[in-house]
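Report on the structure given below.
The values are calculated or read from the model by the stated rules, or taken from the named source; none is laboratory data. What you see is a predicted model; the values in this text were computed from it and never measured. Reconstructed Cβ throughout: ideal geometry from the backbone, glycine too, with neighbour counts over all protein chains shown. Remember, those area values only see protein heavy atoms, side chains included, never the ligands or the DNA or RNA. Shrake-Rupley method; radii C 1.70, N 1.55, O 1.52, S 1.80 Å.
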Amino acid sequence: MLFRLLGETFRRRRQRVAVALLAIVIGSSLATALFAIYADIMDRMSQEMRSYGANILVSPKSESLDISIAGVSYSPAQEPAYLREADLPKLKTIFWHNNVQGFVPSLTVTARAGRDLEPVALTGTWFDREVIIPKGTQVRSSFAQRTAASSDSSFRTGARKVFPWWRIVDGKWLDDSANREALLGQALSRRMGLGVGDVLRVERNGATREMVVAGILSTGGPEDDQIMVPLAVAQDMAAAPGAGGRGLVSALTLPKDKLAADLRNKKPEEMTPTEYEKWYCSPIIDSITTQIKEVLPGSDAQAIRQVSEAEGGFLVRIQWLMLLIAVVALAASALAVMTAMTASVMERRGEIGLAKALGALDSQVATIFLAEAGVLGVLGGLLGYGLGMALAAFIGDRVFGSAIWPQPAVAAASVLLGVGVALAGSAIPVLRAMSVEPVTLLRQA
């Protein structure tokens, strides 16, 4: 009987049914598209955020506080402390090794350069280097130990990867094996009056070295006032073979808001073993810096807050924006369904009054309307899923340059949202139909 009533309703009231179905399809398709984008694109957005550069600074614990004036670093007289260049590949052996997108050493020394031998900062780094990642791991988590690499592997990194906005405005990039070439920062080049092909004289501790300017570097940062050279050259000038200076790491991280609420404000030493394991296995920046300290004993790893917090804040805002758009779309769909169902109830008030006069219970009348809404919700959810995935694929290709594939979980969510919107939009009209006496309904009819 119920199925026959539903069939008659859909056949006789096609316009009302079509309006309600269209509202559900639009709402569920937009929500589906946003959920699909959220599921597939947020990780890619986090990778795109790595174009901000390094978000972790690794330095030796005994390193003193340097004072930088006009790009020149000054420090108290003492034996300088450096990270070891050979230890840097261990950064790819932490638990979240796949999140480490790149790393570079940065060894800066003070020297005098140019025709007037003015004081400058000379920084050695890797520009484009393939490093060998050692097998095994040194992290504390037992799970991390089980998933560690079992053999050596290679990884390409360097300043060109970690700082993708660095550009050569004239000349060429340096090769890491070059020992007689240098890059001049754009501001320093103008100040010294030197260009590509000119000979740059550099003096430090009584020793003089002549290098050819291979390129002019523009970064928009302090490097514009520095001389950039391969790491081996800086090591030689600092008389520190094998020194890596500081390490700059670019790692994918999640905002701290993604961590369980009971762990956000706890320090690691205050956590229980279970809490610590959960915190340790979360890709937030604090746990990654902890793992870096473990694989590089004697080092101190700190987040570069202006980068990491900007990334986390941006991703959280994007998530809330997508959620707000989905909620607004579903609410608008529910209002459209409510309008269509209210009109349907008014048209059928004679039928409702007659049924109640013949002994139909309010629950039986409500079941008919809610069943109609449920069928519309399922159909609207399925159609909305197909349309939403097509919309998500279009947005992913045009906006993010990435393909988005259908996911069963998103399909289930779309159907549930469609049913939820249909039932929510039908609630007030059904309650109104149940609350009116049969005599009144028949008189109005």
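Figure legend. Inter-residue proximity from the range 231-246: first residues closer than 18 Å to Gly298 by Cα, second residues of a type in the set (Asp, Glu), beta-carbon distance below 7 Å, spacing 6+ or different chains. Indicated pairs: Gly242/Glu85; Ala243/Glu85; Gly244/Glu85.
Would you list the strands (runs of 3 or more DSSP E) that sit entirely within the range 65-145 and hold 2 or more residues that are modelled with pLDDT under 60? Spell out how you get there, then give the answer.
On the way: elements: 67-69, 72-74, 100-113, 118-125, 129-133.
Qualifying strands (runs of 3 or more DSSP E): 67-69, 72-74.
Scanning the range 364-387 for residues that are without any contact (Cβ under 8 Å) to a residue 12 or more places away in the chain and among the hydroxyl-bearing types (Ser, Thr, Tyr) gives no hits. Please go through the range 240-280 and give me each residue that is part of a loop (DSSP other than H, G, I, E, B) and modelled with pLDDT of 90 or more, ordered by number. If the condition is that a residue be part of a loop (DSSP other than H, G, I, E, B) and modelled with pLDDT of 90 or more, then Ala240, Pro241, Gly242 are the ones that fit. The set of residues in the range 182-198 being under 10 Å from Val213 (Cβ atoms) and either touching a residue at least 40 places away in the same chain (Cβ under 8 Å) or within 41 Å of the chain's Cα centre (by Cα) (or both) consists of Ala182, Leu183, Leu184, Ser189, Met192, Leu194, Gly195, Val196. Among the residues of the range 156-190, the ones that are of a type in the set (Gly, Ala, Ser), within 12 Å of Ser218 (Cα to Cα) and outside any helix (DSSP H, G or I) come to 2 in all. Restricting attention to the range 207-215, does a residue exist that is within 28 Å of His97 (Cβ to Cβ) and either in contact with an Asp or Glu (Cβ under 6 Å, 6 or more places away or on another chain) or not aromatic (Phe, Trp, Tyr) (or both)? Looking through the range 207-215, none of the residues is within 28 Å of His97 (Cβ to Cβ) and either in contact with an Asp or Glu (Cβ under 6 Å, 6 or more places away or on another chain) or not aromatic (Phe, Trp, Tyr) (or both).
Please work out if Ala392 is over 27 Å from Ala343 (Cα atoms) and assigned to a helix (DSSP H, G or I). Yes, satisfied. Just to verify a result, which residue in the range 281-305, among those that are open to solvent by 10 Å² or more (accessible area, probe 1.4 Å) and in a strand (DSSP E or B), is farthest from Trp96 (Cα to Cα)? By that ranking, first place goes to Asp300.
Restricting attention to the range 86-120, the residues that are in contact with a Phe, Trp or Tyr (Cβ under 9 Å, 6 or more places away or on another chain) and either of a type in the set (Asp, Glu) or open to solvent by 10 Å² or more (accessible area, probe 1.4 Å) (or both) add up to 4. Across the range 360-411, the qualifying residues are those that are of a type in the set (Asp, Glu) and exposed (fewer than 15 other Cβ atoms within 10 Å of the Cβ), and the one among them that is farthest from the chain's Cα centre (by Cα) is Asp362.
Would you mind stating whether Ser402 is touching a helix residue (DSSP H, G or I) at 6+ places or on another chain (Cβ under 6 Å), modelled with pLDDT under 80 and hydroxyl-bearing (Ser, Thr, Tyr)? In short, yes.
Within the range 196-211, restricting attention to residues that are of a type outside the set (Val, Ile, Thr) and open to solvent by less than 20 Å² (accessible area, probe 1.4 Å), which residue is farthest from Val120 (Cα to Cα)?
Of all residues in the range 196-211, those of a type outside the set (Val, Ile, Thr) come to 197-198, 200-201, 203-207, 209-211.
Now restrict to residues that are open to solvent by less than 20 Å² (accessible area, probe 1.4 Å): 200, 211.
Values: Leu200: 12, Met211: 15 Å.
Here the residue is Met211.
When restricted to residues that are crowded, with 21+ Cβ neighbours inside 10 Å and either more than 39 Å from the chain's Cα centre (by Cα) or β-branched (Val, Ile, Thr) (or both), the range 212-236 contains 5.
Test Glu48 against the stated conditions and say whether it is open to solvent by 50 Å² or more (accessible area, probe 1.4 Å), in a loop (DSSP other than H, G, I, E, B), of a type in the set (Asp, Glu) and modelled with pLDDT under 90.
Working: open to solvent by 50 Å² or more (accessible area, probe 1.4 Å): yes; in a loop (DSSP other than H, G, I, E, B): no; of a type in the set (Asp, Glu): yes; modelled with pLDDT under 90: yes.
Here the answer is no, as Glu48 does not meet what is asked.
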